[in-house]
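Working notes, beginning with the structure itself.
No value in this document is a laboratory result; all are computed from the given coordinates. Not measured: the values here are computed from a predicted model. Every residue, glycine among them, receives a Cβ derived from its backbone with ideal geometry; neighbour counts consider all protein chains shown.
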Amino acid sequence: MKISMASPLHSYTGASTLEAHGSNLAELLEDLERRFPGIRFRMIDEQDRIRRHLRVFVNDAQVFDLVHPLRPDDEVHIVQALSGG
């Protein structure tokens, strides 16, 4: 499936878009971790949750947990959340 990666993670992947595989979000992140060691820790915290500064969208719908199922034709967008005041 096609992955669009947040620009702060380009230092790991070397690209803004790439392909990855998995039947759910956790498996997809495992695939990315195998190929780009250390990237999972930048996205997932010690409690196995998506880090607060990231947002993950699958086909334009935000997902919140790692067991979210994926299909091979899905598009996953990993973006950095903006904050401020």
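Tabulated data for the structure shown
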read-out: The chain, relative contact order in percent, only Cα pairs under 8 angstrom and at least six apart counted; value: 37 percent
read-out: Value of D in µm² per second that Stokes-Einstein yields for the chain, Kirkwood Rh from Cα pairs, at 20 °C (1.002 mPa s); value: 167 µm²/s
read-out: Value at 222 nm in deg cm²/dmol, rounded to 500, when DSSP H runs of n ≥ 4 in the chain each add -39,500 (n - 2.57); value: -5500 deg cm²/dmol
read-out: Kirkwood Rh and Cα Rg combined as Rg over Rh, evaluated for the stretch 44-85; value: 1.01
read-out: Coil-residue trypsin sites (Lys or Arg not before Pro) of the stretch 33-63, DSSP, other Cβ within 10 Å capped at 15; value: ARG49, ARG51, ARG52
